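Heads up: the structure comes next, in structure tokens.
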Amino acid sequence: MDAEHLSRKDFLSLTGKTVALGVAGTLAANGLLHQNVLAQTRPRAVSPPAKIPPGVDEPIVLEAWKSDVDQQSGPTPTPLPPDHRIGYAVVGLGHLALEEILPALSSCEKSRLVALVSGSPEKLKKVAAQYGVAPQNCYSYDTYDQLKNNPEVDVIYIVLPNALHKDYVVRGAKTGKHILCEKPMAVSSKECEEMISACNAANVKLMIAYRIQYQPHNRKLREFVQNKTFGVPKLIEACNSQSSANPAHWRHKKALAGGGALPDIGLYCLNTNRFILGEEPIEVFAYQYSTPGNPLFTEVEELMSWQMRFPSGVIASSSTDYNVHESRRYRVMCEKGWLNMDKAYAYKGQKLTTARAEGKMERQEEIGLAETNQFAAEMDHFSDCILKNKRPFTPGEEGLQDHILMEAIYQSAKEGRPVKLTHKVNQPLRGPEPELDA
Ligand code: NAD
């Protein structure tokens, strides 16, 4: 049996307490088991149950009662018993961690919160009490490296300001834990390369939290585009904009943010365009603007507007602005129709509409899909990769590619000319397609 091809059930039964080390040892001796898989068999502080009950990872089939004129529900969730889930340490307790990530961990099937890292002892105590994190699993930034000694922690999730990602990923890799890092991956492509090297050297997995690549509506649109359901794609128009008000916030400090609207929210247009097309741009051309005298934009840009040219001939026009009412949408124009995504990059509420000609009529359709929690989906994907020893769908190379492109965009805006992409990232950028419930 090849470790790369273990089913979840096979793998979990191998990692059962009593048999894990013996079986893993035999497979490793045969050269069949990757070191990361071995890492999963280490003893945990909290004793796992002997074996998960057979079939617990198979959906329970309920009696059917709906007719097929209605949208079907299910399959039923298949949560792993808590002690078999991958343990997460969340680093940085700001807006994203407290408003989205910690609540999402409660609804994960393969991931669970086990540790917290914060610079504020009061916040740490309160959040730990809210989420049932043991006091000995609470760390400060000074004691962060001690995560190494916590066998309950499998993954370190970095949710800090952008300029801190590199140091915390490199230090995190040295603890031997797998790393999930928020977007943007860092503040430069050079930092991304260091982060990838550090994780490779430590033999730990690195994933960048590109939640849109795990979101059902965006994935369905990608399927339509790549299957040419509406003909050959020709043009994309994308915009991700919002309004900010606090010039003292780290997002408006170049040293902490790396840039303004582009790396924070424009990145969604950039990354999603690449994702849906499944190809990489060969040239970019950009304009940048900041309202003179606005204290929000003394260090970072307000607006970036850019075009990317792809090898297939598709031109993607994108724009982002930190100083307008929120708008998150894109449209893909194809030879025989278009696909439109409203609330495209939002945490929820995606609306996918398509149009095509039918004789004298234009048929417009809204594609209704069940919503999933994007953060839970991406964390469970990463946990799945650890359980099955797979490469993440959005590994560090995916973040590096975006930084190379953003550097070209800034260069183009500065020089007022198109910039060709010469810096090539090793292919394939992404890991195998995620196994998602939706
Ligand atoms: P935030 O400002 O709300 O939280 C940042 C946390 O980092 C705070 O708890 C803060 O105390 C801590 N911190 C530690 N050292 C700091 C320092 N030197 N300066 C400032 N803060 C420091 O930010 P956020 O909105 O939670 O964003 C965190 C990361 O998550 C960013 O990289 C951001 O791009 C990313 N993000 C991703 C999404 C998404 O949808 N995937 C959404 C929002 C933010």
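No value in this document is a laboratory result; all are computed from the given coordinates. All figures in this text were calculated on a predicted structure; none of them were measured in a lab. Quick reminder, even Gly has a Cβ in these numbers, built from the backbone with ideal geometry, and neighbours come from all protein chains shown.
Quick notes on this one:
- The Ser312 and Gln71 beta-carbon pair, evaluated with R₀ = 35 Å, returns a calculated FRET efficiency of approximately 0.55.
- Debye intensity ratio I(q)/I(0), log10, region 327-386, q values 0.14, 0.15, 0.18, 0.19 Å⁻¹ (C-alpha model): -0.54, -0.60, -0.74, -0.78
- Virtual spin-label span in nm between Glu435 and Lys343, 7 Å along Cα→Cβ: 3.0
- Taking θ as phi - 60° and the Karplus parameters 6.51, -1.76 and 1.60, the scalar couplings of region 123-136 work out to 4, 4, 5, 5, 5, 4, 5, 4, 9, x, 8, 5, x, 6 Hz in sequence order, x denoting glycine and proline.
- Karplus-derived HN-Hα couplings along region 371-385 (A = 6.51, B = -1.76, C = 1.60, θ = phi - 60°), whole Hz, x at Gly and Pro: 7, 10, 6, 5, 6, 5, 4, 6, 5, 5, 4, 5, 4, 4, 4
- With the convex hull of the Cα atoms taken as the outline of region 222-323, the averaged projected area works out to 6.7 nm².
- P(r) histogram, all alpha-carbon pairs of the chain included - 10 Å bins from 0, percent: 4, 20, 30, 26, 15, 5, 1
- Projecting label points 7 angstrom from Cα along Cα→Cβ for Gln411 and Thr143 puts them 4.6 nm apart.
- Modelled FRET efficiency - R0 56 Å, Glu299 with Glu58, Cβ distances, 0.05 increments: 0.55
- Region 356-398 and region 155-174: distance between their alpha carbon centers, rounded to Å: 25
- Legend: P(r) of region 308-362 from all alpha carbon pair distances, 10 Å bins from 0, whole percents, reading 19, 39, 32, 9, 0.
- For Ile86, nonlocal amide neighbours, meaning residues 5 or more places apart or on other chains whose placed amide H falls under 5 Å from its own, are Ser111, Arg112.
- Cα Rg, Dmax (largest Cα-Cα span) when computed across region 354-394, Å: 18.3, 53
- Considering only Pro82, Pro161, Pro216, the mean-square fluctuation computed in a Gaussian network model of the chain, springs between alpha carbons under 10 angstrom, is largest for Pro82.
- For region 208-292, the list of trypsin sites (Lys or Arg not before Pro) that fall in a loop by DSSP and count at most 14 other C-beta atoms within 10 angstrom reads Lys228.
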